[in-house]
1. Just to be sure, is residue B:189 farther than 21 Å from residue B:6 by Cβ, among the hydrophobic types (A, V, I, L, M, F, W, C), out of contact with any helix residue (DSSP H, G or I) (no Cβ under 7 Å at 6 or more places or on another chain) and not in a loop (DSSP other than H, G, I, E, B)?
2. Report whether or not residue B:486 is open to solvent by 20 Å² or more (accessible area, probe 1.4 Å), of a type in the set (Lys, Arg) and within 30 Å of residue B:545 (Cα to Cα).
3. Just name the residue that is most open to solvent (accessible area, probe 1.4 Å) out of those in the range B:289-324 that are part of a loop (DSSP other than H, G, I, E, B) and over 25 Å from residue B:258 (Cβ atoms).
4. Name the pairs: first residue in the range B:429-453 and more than 9 Å from chain A (Cβ to nearest Cβ), second residue of a type in the set (S, T, N, Q), Cβ to Cβ under 7 Å, at least 6 apart or on different chains?
5. Quick one: would you say residue B:153 is at pLDDT 90 or above and either within 28 Å of the chain's Cα centre (by Cα) or open to solvent by 30 Å² or more (accessible area, probe 1.4 Å) (or both)?
6. What residue, of B:61, B:42, B:10, is open to solvent by less than 70 Å² (accessible area, probe 1.4 Å), charged (D, E, K, R) and part of a loop (DSSP other than H, G, I, E, B)?
7. Within the group A:12, A:54, which residue is closer than 20 Å to residue B:440 by Cα, open to solvent by 30 Å² or more (accessible area, probe 1.4 Å) and in a loop (DSSP other than H, G, I, E, B)?
8. Considering only the range B:249-258, state which residues are surrounded by 21 or more Cβ atoms within 10 Å (Cβ to Cβ), among the β-branched types (Val, Ile, Thr) and over 15 Å from the mean Cα position of the chain (by Cα).
Amino acid sequence: MKDFGFGIKKSGVIDLDKADMSLMREIAAEEPSFLHCFYCGTCTATCSAGKYTGFNLRRLQLLIKRGQLDEVSERISECMLCGKCQWVCPKGVNTRHVVMLVNKKLHARKIR
Amino acid sequence: MHERFANAYDPFVIPYMIGYVFVLAYLVVALVTVVKNLPMSDRKKMLRHLFSFKLFVTIKDIFADCLLHVKIWKKNKMLGYMHSSIAFGWFMLILVGHIEIFFFAPHRVNLPWYPIFFRYFMMETETSVGGSVFFFLMDFFLLMVLSGIALAMIKRIRRRLFGMKRTTRLKWNDQLAMYSLWCIFPLRFLAESFTSHISGGGFLTRSFGMLFDWFNQFMNNDALIRPMWWAYSIALMVFFLTLPWSRFTHILSEVLLIYMRNAGIRESSKNNGYAGVEIFSCSRCGLCLDPCQMVSSASLRQMASVEFTRNVRLRQNKQAMEAASYCLMCDRCVQACPVGVNSVQLKLNLKAADVKYTYPNRYDYVEAEANPMDTGSAWADILHRTPEAAAPTKKVVRTPEVVYFAGCMSHLTPKIEQAMVRIFEAAGVDFTFLDKDGGICCGRPLMLAGDRTGSEQLVAKNTEAILATGAKVMVCSCPICYKIFKDTYKLEGVQVLHHTEYILQLMEAGKITVRKSSQKGVYHDPCELGRHSGIYRQPRDILYRVLNLQQTPYEGKDALCCGHSMAGEGMPYKKRRMIARDALRKMTENPVDVLVTACPSCKRSFAEIGTEEIRDIAEIVCDQLVTR
């Protein structure tokens, strides 16, 4: 069938009972401040990488907590770890550590 | 009585010999392992060093550091005497003991136990000149070692006498080794004293021996002589057998470390070879505990370098990783280390080994926009400020004198950038503001987090952009960037300067003039600029011209860390603030009008805590500019 660019929209419902929360738990165990994020988006506003790409730390943190890891694994490498987000975070989230941990944990899953 | 002189053997030498053979075997195995882990170029360096004149320097260094402990003397006289009396005294006992054999029993020189138990096997007279001199020397050095051991015992209780607020807590293996070491010399003293009425003795052993003789007349036997020699031998054995698993491994490995360092071998990127020798050279003296601000301000004692090296040595990877991810890499412990263990590099190596992911072309998204040759980009805007360049061409028309790289951190403190731009304009310098609208990171934060490939990719991107500007001088405002630009980047034909260096150059060339204000200020040395890059003089030279500069006890190499370095990603924000608050309080103990620093990160860190005025050196200079 010819693809006209239209289709049935996928359901946006997230079933938190079935979602993969393991990454969130692993990160929260090593970096408890990960759970302090209240999604104000200050990190994203100041982000050096966000100037050039759609890298959005606020969104990634939310996605991890929803267990939607596809976009996370696609985007997380774009971070330059410059640390501006950590400086401006009003909740004192160790964002650099969170990014490092996401990178490490996702890599460990791929090779497993 | 006579058979011991004739046989030159007694069963009590067996424990000593077990320990002796064990240590020799350990030494050979350790040396082979170290050399095996070295790259070929380093092995050649080691071999070449053996036949060069620099070997004499190495011998001098080994003498000064391993025996006399000169570096510890400089810290504290008591501590210095304690270390050098044990090390140097023991060495002299061994040396003089061997010379003694050459004089009195040259045919026994091949028996390894003979010099150790000499007084038992040899009768000598103090009436001859040679005899009396040796008796005196041996007793003198024995007294020296005994005094050192007495001080070592006192130090475990009253360490403040030795200038230390904190010292290491010892685990059982260290305790066993340390107590056996403490036992060796008192036992030797007792054994020699008890034998002195037969073999003779010096001012110490003979006089104590006489006291014993007086007791002996009631007991009328020499029953205690051989048990004492047995105890002495067993203490030696226990010490030798525990040596490889205790802090005292440094006695052997420090010699190798100094040799390798003088041969020109440096820390590799892995924790084996030279770095492995460093780990074993840590004597757990605890001199790095007091300088560490994690310990003094944030009560994170388990994160100190001395605990870190121990965890690496015991392969307790989890604890070691945690300490590495907490460490702010301010380098204060490295400065304090009397052995010269670069624990910061060891931590970086460990972190890098833990980063196993690599992404190909990770930062290619920067390419299209960050290339200053392109028009319409954030970076290109800056290059095209001149009217002729504003035309949408793909060429950079003018070549600026100076390229200014503010760095990510300076973007969070825009006053620094504005001040620098004003200074450039006042000096009439043709400059390009490379990352005016947000450039990319310099790569140092990634490097400090252990992601070496990611860092290299950023370095490549930035190098391209900087070289494309054609400028001959590069000025950066952030010491974190400065450090990596200077050390890692290969910017041929471009002179990399921190803004403190550059402003001083402008002042000395007369391009800018400043007036002196009456403000009282102190200067805070940022870690990356001071200890890491060695820039101490320039900022002070500038400040003497613009304000009334006061001194603090935390100047130069003793400068404090602001708690917000780009390392230490694992450290909670609360702990960082504790360190910052303590550092600020210490530096402003005598009230001043302004605390000046030269790092945007330090500035932010102090500014968010106190009410004191915190300013960057560029801002101060900018305020005091005399415009013509």
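1. no
2. It is true that residue B:486 is open to solvent by 20 Å² or more (accessible area, probe 1.4 Å), of a type in the set (Lys, Arg) and within 30 Å of residue B:545 (Cα to Cα).
3. For the range B:289-324, the residue satisfying everything is B:315.
4. From the range B:429-453, the pairs are B:432/B:469; B:434/B:469; B:447/B:455; B:453/B:358.
5. Considered against the rule, which asks whether it is at pLDDT 90 or above and either within 28 Å of the chain's Cα centre (by Cα) or open to solvent by 30 Å² or more (accessible area, probe 1.4 Å) (or both), residue B:153 comes out as yes.
6. Among B:61, B:42, B:10, only B:10 is open to solvent by less than 70 Å² (accessible area, probe 1.4 Å), charged (D, E, K, R) and part of a loop (DSSP other than H, G, I, E, B).
7. Unique residue meeting the criteria: A:54.
8. B:249
The values are calculated or read from the model by the stated rules, or taken from the named source; none is laboratory data. Keep in mind it's a predicted model, so treat the numbers as computed, not measured. All Cβ positions, even for glycine, are placed from backbone atoms using ideal geometry, and neighbour counts span all protein chains on display. Protein only, heavy atoms only, side chains kept; ligands, DNA and RNA dropped before computing areas. Shrake-Rupley method; radii C 1.70, N 1.55, O 1.52, S 1.80 Å.
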